[in-house]
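Student: Sharing a structure here in structure tokens format.
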Amino acid sequence: MTADLAGTCRAELERLRSLGRHRSLSVLSRGPRGAVEREGRSLLNLSSNDYLGLGGDEQLLRTFWSETPAGLLDERGMTAASSRLLTGTGPACAALEEEVAALYGGRECCVFTSGYHANLGILAALGKKGDLILSDRLNHASIVDGMRLSAAGFRRYRHRDCGHLEDLLRAAAGGPGRIFVVTESVFSMDGDLADLPALVRLKERYGATLIVDEAHAVGVFGETGRGLAEAAGVLDRVDVVVGTFGKALASLGAFAVTDEPLKEYFVNTARPLIFSTALPPAVLSWSRLTLRRMQGMGRERAALAALAGRLRGALAAAGCATGGDSQIVPVVAGEDGAAISLARRLQEAGYLALPIRPPTVPQGTARVRLSLTAAMRWEDLCALPGAVGGAVP
């Protein structure tokens, strides 16, 4: 490494420290019911996306690993050792795509290595010169990066502001290119929900293509856990549904549900799919198991929604700045230092809720993000509003 490069990196790290935005990795050991061990202490993990508690279901894990399928390498192999377009698409991948497609009404399914890869690949592949991508201002970084990599122009509409979106659609209507509207359904840092019926009406009125990232909704919303589009009754009117196996489904990878010829188009043009090593068979087989399990977890979905509502109400009563309508409950502290202090105080009270700071959230809205799971009970959380209320002005 050159002295110049080392100096530049050290200067940037020092700048991040001075802003209170320096981050580091922690080694955590996982326990039952959402507990983790950190630095010798057992803490309730409120920074995980294991929304249905399947990742901590020891019996489910034992069942999975105790089975010895006839095609051991095809079902439990630990590597694909190839990209999907070469030799990385095995029986486990094909079976998973078939099951997801059937769950979503017989549409086409394309599996990606991660949700980041999916959003990056889909937007970069679809957006061509002269096209326009309209994105909610608080969409995930993977969506932002996908827009930047595409050849299309892009604009961001005000968060959940369908009036602003319609103004942009109206201004672009009649132009030479295509229009894409992209949104998260459950916003990852605020826990609030997109108005999917309104977005569907707008995309149909103006002839746009609607892409919905259901990463934080799959498993949690809808009668069978297919996400917010299912709960809102508009699933068959969304052009591309992006879901993940890495959150409520407690696995790894992501999927896009769409119609022909888009799956074939993604296979041929989405660079993250073409140039990444495919997911291992063991991961794909585990995803099939958790996908089946989550469909029947309506009771857990209802309990999780009730738990989040109760916590949100208790935090508001304690004078905290909170919001959302999902299993993600933010507590906004404001400045970066205040969020760090709040996270430290919660850790002292037995809760692991890590501070979220810019650029993940806008300047002046640093927070702790409380991610609840179906494995938690009110008894686990009842002391939390008091701990938070004493730390946030």
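Student: All other residues with a Cβ under 10 Å from the Cβ of ALA387 taken together, and with Lys, Arg as +1 and Asp, Glu as -1, what is their net charge?
Tutor: 0
Student: Within 12 Å, Cβ to Cβ, of ALA270, how many net charges do the neighbouring residues add up to if Lys/Arg are +1 and Asp/Glu are -1?
Tutor: So the surrounding residues net to +2.
Student: Return the loop-located GluC sites (Glu not before Pro) in the stretch 182-257 (DSSP other than H, G, I, E, B) with at most 15 other Cβ atoms within 10 Å of their own Cβ; answer none if there are none.
Tutor: Filter output for the stretch 182-257: GLU223.
Student: For the stretch 44-139, state which trypsin sites (Lys or Arg not before Pro) are in a DSSP loop and have at most 12 other beta carbons lying within 10 Å of their beta carbon.
Tutor: In loop regions of the stretch 44-139 (DSSP not H, G, I, E or B), the sparsely surrounded trypsin sites (Lys or Arg not before Pro) are LYS128, LYS129.
Student: So, one more: What 222 nm value per residue comes from the helices of the chain, counting each DSSP H run with n ≥ 4 as -39,500 (n - 2.57) and dividing by all residues, nearest 500 deg cm²/dmol?
Tutor: One gets -12500 deg cm²/dmol as the mean residue ellipticity at 222 nm.
Student: Right, another one. Stretch VAL27-ARG271 to full length: gain in nm at 0.36 nm per residue minus the Cα-Cα span?
Tutor: Difference between extended and current length: 84.6 nm.
Student: Assigning unit charges at the beta carbon (Lys, Arg +1; Asp, Glu -1) and nothing else, what dipole magnitude in debye, to the nearest 20, does the chain show about its Cα centre? Present the calculation step by step, with values, prior to reporting the outcome.
Tutor: Details: 44 positive and 42 negative charges, 163 e Å.
My answer is approximately 780 debye.
Student: Looking at the stretch 118-247, send over the antiparallel percent of its DSSP beta bridges, to the nearest 5.
Tutor: 5 percent
Student: If a helix is a whole DSSP H run, which ones in the chain reach 20 Å or further along their own axis (Cα) and hold a mean Kyte-Doolittle hydropathy of at least -1.0?
Tutor: What comes out of the filter, once short or polar helices are dropped, is 3-19, 281-295, 298-317.
Student: A further question follows. Once you have the Cα-Cα distance between GLN59 and ASP167, take 0.36 nm times their residue separation minus that, and quote the gain in nm to one decimal.
Tutor: Using 0.36 nm per residue and subtracting the Cα-Cα distance, I get 33.7 nm.
Student: Taking Cα pairs under 8 Å and at least six residues apart, what relative contact order does the chain come out at, in percent?
Tutor: 21 percent
Student: Could you look at the chain and say what percent of its accessible area is carbon and sulfur, using a 1.4 Å probe and all protein chains?
Tutor: Values: 9460 of 17630 Å².
Roughly 54 percent, rounded to a whole number.
Student: Is the C-alpha gyration tensor of the stretch 49-115 telling us rounded, prolate or oblate? Criteria: a/c under 1.5 is rounded; beyond that, a/b larger than b/c is prolate, otherwise oblate.
Tutor: Details: a/c = 1.68, a/b = 1.16, b/c = 1.45.
Oblate, because a/c is 1.5 or more while a/b does not exceed b/c.
Student: Considering Cα pairs under 8 angstrom that are at least six residues apart, work out the relative contact order of the stretch 150-196 and quote it in whole percent.
Tutor: Working: 20 pairs, mean separation 10.9, N = 47.
Normalised by residue count, the contact order of the stretch 150-196 is 23 percent.
Student: Shifting gears a bit: Can you work out the PRE-style zone for ARG205? Point 7 Å along Cα to Cβ, and I want the residues of the stretch 217-261 with backbone N under 11 Å.
Tutor: So the set is empty, nothing qualifies.
Student: What is the calculated FRET efficiency for ALA316 to LYS128, with r their C-beta to C-beta distance and R₀ = 51 Å, to the nearest 0.05?
Tutor: FRET efficiency, ALA316 to LYS128: 0.65.
Student: Can you pull the three principal axis extents for the Cα set of the stretch 159-310, in Å, largest first?
Tutor: 47, 44, 25
Student: Write down the Kirkwood hydrodynamic radius of the stretch 263-321, to one decimal in angstroms, obtained as one divided by the mean of 1/r over all alpha carbon pairs. Intermediate results must be reported in sequence, preceding the final value.
Tutor: Numbers: mean 1/r = 0.0642 Å⁻¹.
Evaluated on the stretch 263-321, it is 15.6 Å.
Student: Going by the alpha-carbon gyration tensor, a ≥ b ≥ c the square roots of its eigenvalues, is the stretch 9-70 rounded (a/c under 1.5) or, if a/c is not under 1.5, prolate (a/b greater than b/c) versus oblate?
Tutor: The shape class here is prolate.
Student: Further, regarding this structure: State in Å² the accessible area per residue of the stretch 249-350; use a 1.4 Å probe, count heavy atoms of protein chains only, and round to the nearest integer.
Tutor: Counting only protein heavy atoms, the per-residue value for the stretch 249-350 is 42 Å².
Student: Distance in nm between label sites at THR360 and ALA11, each 7 Å beyond Cα in the beta-carbon direction?
Tutor: A separation of 2.8 nm, rounded to one decimal place.
Student: Pick out, in residue order, every one of the GluC sites (Glu not before Pro) in the stretch 51-92 that is DSSP loop and has at most 12 other C-beta atoms within 10 Å; say none if there are none.
Tutor: Sparse-neighbourhood loop GluC sites (Glu not before Pro): GLU67.
Student: Would you mind putting 88-94, 37-43 in packing order, based on average other-beta-carbon counts within 10 Å, highest first?
Tutor: Ranked by mean Cβ neighbours within 10 Å, highest first: 88-94, 37-43.
Student: Over the Cα atoms of the chain, compute the convex hull volume and normalise it per residue, giving Å³.
Tutor: Spread over its residues, the Cα hull of the chain gives 165 Å³ apiece.
Student: For the stretch 186-261, what D do you get in µm² per second when you plug the Kirkwood radius from alpha-carbon pairs into Stokes-Einstein at 10 °C and 1.306 mPa s?
Tutor: 125 µm²/s
Student: Let me ask something additional. If you add up the charges near ILE356, with Lys and Arg at +1 and Asp and Glu at -1, over every other residue whose beta carbon is less than 12 angstrom from its beta carbon, what do you get?
Tutor: Every neighbour counted, the sum reads +3.
Student: Right, something else. If you find the alpha carbon centre of the stretch 194-255 and of the stretch 275-309, how far apart are they in angstrom?
Tutor: The two parts, judged by their Cα centres, are 15 Å apart.
Student: Could you work out the relative contact order of the stretch 106-205, using alpha carbon pairs under 8 angstrom and six or more residues apart, expressed as a whole percent?
Tutor: 27 percent
The values are calculated or read from the model by the stated rules, or taken from the named source; none is laboratory data. This one's a predicted model, so the numbers in the text were calculated from it and none came from an experiment. Here the Cβ is made from the backbone with ideal geometry for all residues, glycine too, and neighbour counts use every protein chain on show. For accessibility, only protein heavy atoms count, side chains too; no ligands or nucleic acids. Shrake-Rupley method; radii C 1.70, N 1.55, O 1.52, S 1.80 Å.
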